[in-house]
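K.L.:
For reference, the structure I am asking about is given below.
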Amino acid sequence: MGEVDPAFVQSLEHQPKLDIIEAEGIPLIDLSPLINSSDNDSSLASLVAEVGDACKNWGFFQVINHGVPLKYREKIESAERRFFALSKEEKKKVSRGEANPLGYYDTELTKNVRDWKEVFDFTVMNPTIVPASHVPEDRELREWVNQWPQYPPELREACEEYAAEMEKLTYKLLELIALSLGLPKTRLNGFFKEHTSFIRLNHYPVCPVPQLVLGVGRHKDAGALTILAQDDVGGLEVKRKTDGEWVFVKPTPNAYIINVGDIIQVWSNDKYESVEHRVMVNSEKERFSIPFFLNPAHFTWVEPLEELTNKENPKYKAYNWGKFFVTRKRTNTRFSEPNFHCYLRKETIKVSSNNSTLREDNPAFILALEHQPELDVTEAKGIPLIDLSPLNIADTDAEFSKFSG
């Protein structure tokens, strides 16, 4: 067995099984009715129903006939391979840092375990406007600007062309999801006029111990939607909702894998759920993938949509996306599962204190969901209550023995 830095090794309960279970039932949805049908066409209604069922039952689905020309995908995949083939020294010329979290990186953590991968990040809008800090009272903004390597020279153009195609596909998917929730088809579009979406180029090198490490540890995506292009090696695993089993998503040529993110879970008030997933590595083949992370504008307040709730049942407190987003970028880790529940659940968020540092919107004080106390107190019946008064009259060993027998 090969040796790796212990920082990569997953705890025993999270180590992957090499006996792969292929995901049977993850929907493969044909989007051609979007091109060929009118709004009243029965085939479009059927497509909306398919998307709704997939979001509800899986949180994942694949799409074909999506309208993205193959040449753009082939161009960015070729440029991606050429970039990651460069020397480490060359790639680090565009390393990301605290001031600008865009560019190259190879020490990312998920749940405090290092991922077996290297990445290159760029935003779709350049520059992208975000809060200057995670502090709620700080209203200052800053720009994130993409940094491009000198080599390969075609990378920037390939990435920008691909990003434009992803934006087009994004709005098709948002409209289908909105319709599946019983909303007007453009109901969600307005949140993304100044969006903070980004694209990641992933490279997963060959790994000598694929049974011990993961390319990306188990996590959920914090944004609205993720659109994933994966190569023919594959490695994505999804945690099946029905039984909690990890199942392998077999690559489908020229398909995109779509998954619901935390924001859509909040907007839908839990009708649709963001699902945990992870990435396995391979002992024989390197793997490449390209996820597009759809995120709203930094000033968006994320909360259950009014049309899908009433005053009694909203399950989440509103939170500011920009502040949340920059907090995640600062930590270099993905938050514990699920990303936002630990401080957004309506029934667990209230903080009462005269201490001004204990603010409702300060997540530093908030326990993870599984460790939060129940406010409905259960009194402990049966814990013994012992009267020690005999000790006061037992002045000798003989007298004490009467009570200890």
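The values are calculated or read from the model by the stated rules, or taken from the named source; none is laboratory data. Computed from a predicted structure; not experimentally measured. Heads up, the Cβs are rebuilt from the backbone with ideal geometry, glycines too, and the neighbour counts pull from every protein chain shown. Note: areas computed on protein heavy atoms with side chains; ligands, DNA, RNA excluded. Shrake-Rupley method; radii C 1.70, N 1.55, O 1.52, S 1.80 Å.
K.L.:
SER289 is checked against (1) free of Cβ contacts under 8 Å to residues at least 60 places away in the same chain; (2) touching a strand residue (DSSP E or B) at 6+ places or on another chain (Cβ under 9 Å) and fails just one. What number does that condition carry?
P.N.:
(1)
K.L.:
Right, another one. Against the conditions (1) within 19 Å of the chain's Cα centre (by Cα); (2) open to solvent by less than 60 Å² (accessible area, probe 1.4 Å), where does ALA164 fall short? Just the number, please.
P.N.:
(1)
K.L.:
Just give me the residues in segment 274-301 being assigned to a loop (DSSP other than H, G, I, E, B) and crowded, with 22+ Cβ neighbours inside 10 Å, in sequence order.
P.N.:
We begin by selecting, within segment 274-301, every residue assigned to a loop (DSSP other than H, G, I, E, B); these are 274-276, 280-286, 295-296, 298-300.
Residues satisfying the conditions are SER274, MET280, VAL281, ASN295, PRO296, THR300.
K.L.:
Assess whether LEU214 counts as being touching a residue at least 40 places away in the same chain (Cβ under 8 Å) and crowded, with 22+ Cβ neighbours inside 10 Å. Talk me through it step by step, then tell me what you get.
P.N.:
Details: touching a residue at least 40 places away in the same chain (Cβ under 8 Å): yes; crowded, with 22+ Cβ neighbours inside 10 Å: yes.
Against the criterion (touching a residue at least 40 places away in the same chain (Cβ under 8 Å) and crowded, with 22+ Cβ neighbours inside 10 Å), LEU214 qualifies.
K.L.:
What are the pairs, 6+ residues apart or on separate chains, where a residue within segment 300-327 that is over 15 Å from ASP270 (Cβ atoms) has its Cβ under 6 Å from a residue that is part of a helix (DSSP H, G or I) and open to solvent by 40 Å² or more (accessible area, probe 1.4 Å)?
P.N.:
Cβ pairs passing all conditions: THR300/PHE191.
K.L.:
On to the next question. Which one of the conditions (1) modelled with pLDDT of 95 or more; (2) closer than 28 Å to LEU176 by Cα; (3) open to solvent by 40 Å² or more (accessible area, probe 1.4 Å) does ASP121 fail to meet, given that it meets all the rest?
P.N.:
(3)
K.L.:
May I ask you to say which residue of VAL68, VAL4 is assigned to a loop (DSSP other than H, G, I, E, B) and at pLDDT 90 or above?
P.N.:
Details: VAL4 fails: at pLDDT 90 or above.
After applying the criteria, what remains is VAL68.
K.L.:
Another question, if that's okay. Check LYS329, LYS271 and return the single one that is under 19 Å from TRP58 (Cα atoms) and open to solvent by 10 Å² or more (accessible area, probe 1.4 Å). Working first, answer last.
P.N.:
Values: LYS329 fails: under 19 Å from TRP58 (Cα atoms).
When all the criteria are applied, what remains is LYS271.
K.L.:
With the checklist (1) among the small types (Gly, Ala, Ser); (2) under 19 Å from the mean Cα position of the chain (by Cα); (3) within 28 Å of THR128 (Cβ to Cβ) in hand, flag the one item GLY235 doesn't pass.
P.N.:
Of everything listed in (1) among the small types (Gly, Ala, Ser); (2) under 19 Å from the mean Cα position of the chain (by Cα); (3) within 28 Å of THR128 (Cβ to Cβ), GLY235 misses just condition (3).
K.L.:
Among all residue pairs at least 6 apart or on different chains, which show Cβ distances below 8 Å where the first residue, located in segment 78-104, is among the acidic types (Asp, Glu) and the second is modelled with pLDDT under 95 and in a helix (DSSP H, G or I)?
P.N.:
Listed by first residue and then by second, the contacts come to GLU98/ARG330.
K.L.:
Kindly evaluate GLY234 against the criterion of being at pLDDT 95 or above and in contact with a Lys or Arg (Cβ under 8 Å, 6 or more places away or on another chain).
P.N.:
no
K.L.:
If a residue must be in contact (Cβ under 8 Å) with a residue 60 or more places away in the chain and open to solvent by less than 70 Å² (accessible area, probe 1.4 Å), how many such residues does segment 136-148 contain?
P.N.:
First, the residues of segment 136-148 that are in contact (Cβ under 8 Å) with a residue 60 or more places away in the chain: 136, 141.
Next cut, open to solvent by less than 70 Å² (accessible area, probe 1.4 Å) only: 136.
Number of matching residues: 1.
K.L.:
Does LEU109 qualify as being in contact with a Ser or Thr (Cβ under 7 Å, 6 or more places away or on another chain), in contact (Cβ under 8 Å) with a residue 12 or more places away in the chain, surrounded by fewer than 16 Cβ atoms within 10 Å (Cβ to Cβ) and not polar (S, T, N, Q)? Walk me through how you get there before you give the answer.
P.N.:
Numbers: in contact with a Ser or Thr (Cβ under 7 Å, 6 or more places away or on another chain): yes; in contact (Cβ under 8 Å) with a residue 12 or more places away in the chain: yes; surrounded by fewer than 16 Cβ atoms within 10 Å (Cβ to Cβ): yes; not polar (S, T, N, Q): yes.
Yes: the conditions hold for LEU109.
K.L.:
Another question, if that's okay. Given the residues GLU194, GLU161, which is the only one that is over 29 Å from GLN10 (Cα atoms), of a type outside the set (Lys, Arg) and at pLDDT below 95?
P.N.:
Details: GLU161 fails: at pLDDT below 95.
GLU194 is the lone residue from the list that is over 29 Å from GLN10 (Cα atoms), of a type outside the set (Lys, Arg) and at pLDDT below 95.
K.L.:
Give me the strands (runs of 3 or more DSSP E) completely within segment 101-189, filtered to those with at least 3 residues that are closer than 30 Å to ASN269 by Cβ and β-branched (Val, Ile, Thr), ordered by residue number.
P.N.:
By residue number, 128-131.
K.L.:
Further, regarding this structure: Being farther than 20 Å from GLY217 by Cα, at pLDDT below 95, acidic (Asp, Glu) and loosely packed, with under 14 Cβ neighbours inside 10 Å: is that true of GLU360 here? Walk me through how you get there before you give the answer.
P.N.:
Working: farther than 20 Å from GLY217 by Cα: yes; at pLDDT below 95: yes; acidic (Asp, Glu): yes; loosely packed, with under 14 Cβ neighbours inside 10 Å: no.
Against the criterion (farther than 20 Å from GLY217 by Cα, at pLDDT below 95, acidic (Asp, Glu) and loosely packed, with under 14 Cβ neighbours inside 10 Å), GLU360 does not qualify.
K.L.:
Right, another one. Suppose we filter segment 306-316 for residues that are of a type outside the set (Asp, Glu), surrounded by fewer than 18 Cβ atoms within 10 Å (Cβ to Cβ) and either in contact with a Leu (Cβ under 7 Å, 6 or more places away or on another chain) or outside any loop (DSSP other than H, G, I, E, B) (or both); how many remain?
P.N.:
So the answer is 1.
K.L.:
Quick test for you: out of GLU74, GLU90, pick the one residue that is at pLDDT 95 or above, over 25 Å from PHE248 (Cα atoms), open to solvent by 10 Å² or more (accessible area, probe 1.4 Å) and out of contact with any strand residue (DSSP E or B) (no Cβ under 6 Å at 6 or more places or on another chain). Working first, answer last.
P.N.:
Working: GLU74 fails: over 25 Å from PHE248 (Cα atoms).
Of the residues listed, the single one that is at pLDDT 95 or above, over 25 Å from PHE248 (Cα atoms), open to solvent by 10 Å² or more (accessible area, probe 1.4 Å) and out of contact with any strand residue (DSSP E or B) (no Cβ under 6 Å at 6 or more places or on another chain) is GLU90.
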